[in-house]
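Written below as structure tokens is the structure these notes are about.
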Amino acid sequence: MTTDWAEPADAVAHLRRRLSTETDVSDVHAALESGVPGFVLLDSRSAESWAQGHVPGAVHLPGARITTEAAGLLDPGVPVVTYCWGPGCNGATRAALALALLGFRVREMLGGFEYWAREGLPVQTAAGVQRGSVDLLTAPAGLSCGC
């Protein structure tokens, strides 16, 4: 680890900025459960990935089609939270950037669909909505890390 630490004011500015452009699976789930999330959730994965399972209520718009289709599908006055596969994929970041360039307010859902499913949250498939078991290596029992 380096010995070059940020000054507190610089750390505050950086961390506030991150929190203004990122959210997490638990916060997205809580907002959706409230019935008035204040955003639209956008799945930027492929059609095959979407069919395999997605967050109930999400809008499907693969990243490669955002530039040409977002304006006809999304209300520019409603913020958008993007997700893709998981933390090893930057598809949600690219989707959020494409939407921001089009004038949308955006946040990226950290962990993506992988952590949504691993936390045992509802997953929509052709067979209906189901919940898997919580992966205790990546998510706490009870669905809240307590932060």
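The values are calculated or read from the model by the stated rules, or taken from the named source; none is laboratory data. As the structure is a computational prediction, the values presented were derived from the model and not from experiment. For neighbour counting, all protein chains shown are included, and Cβ atoms are generated from backbone atoms with ideal geometry for every residue, glycine included.
Out of the stretch 1-34, which residues are in contact (Cβ under 8 Å) with a residue 40 or more places away in the chain, more than 13 Å from Leu121 (Cα to Cα) and either in contact with a His (Cβ under 9 Å, 6 or more places away or on another chain) or among the β-branched types (Val, Ile, Thr) (or both)? Hits for the stretch 1-34 are Thr21, Thr23.
Kindly provide the set of residues from the stretch 33-48 that are in a strand (DSSP E or B) and either in contact with a helix residue (DSSP H, G or I) (Cβ under 7 Å, 6 or more places away or on another chain) or farther than 18 Å from Ala96 by Cα (or both), ordered by number.
Residues satisfying the conditions are Leu41, Leu42, Asp43.
In the set Leu61, Leu74, only one residue is in contact with a strand residue (DSSP E or B) (Cβ under 8 Å, 6 or more places away or on another chain), farther than 24 Å from Glu119 by Cβ and crowded, with 17+ Cβ neighbours inside 10 Å; that residue is Leu74. Candidates are the residues of the stretch 1-38 that are over 23 Å from Pro76 (Cβ atoms) and β-branched (Val, Ile, Thr); the one that is surrounded by the most Cβ atoms within 10 Å (Cβ to Cβ) is Val25. In this entry, Asp135 passes the filter for residues that are surrounded by 12 or more Cβ atoms within 10 Å (Cβ to Cβ) and either farther than 17 Å from Thr21 by Cβ or modelled with pLDDT under 95 (or both).
Condition check ((1) at pLDDT 95 or above; (2) under 25 Å from Arg17 (Cβ atoms); (3) buried (at least 19 other Cβ atoms within 10 Å of the Cβ); (4) touching a strand residue (DSSP E or B) at 6+ places or on another chain (Cβ under 8 Å)) across all residues:
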site	(1), (2), (3), (4)
Val40	yes, yes, no, yes
Gly57	yes, no, no, yes
Arg65	yes, no, no, no
Val81	yes, yes, yes, yes
Ala92	yes, yes, yes, yes
Ala98	yes, yes, yes, no
Trp116	yes, yes, yes, yes
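Checking each residue in the stretch 42-55 for being of a type in the set (Ser, Thr, Tyr) and either surrounded by fewer than 12 Cβ atoms within 10 Å (Cβ to Cβ) or in contact (Cβ under 8 Å) with a residue 40 or more places away in the chain (or both) picks out Ser44, Ser49.
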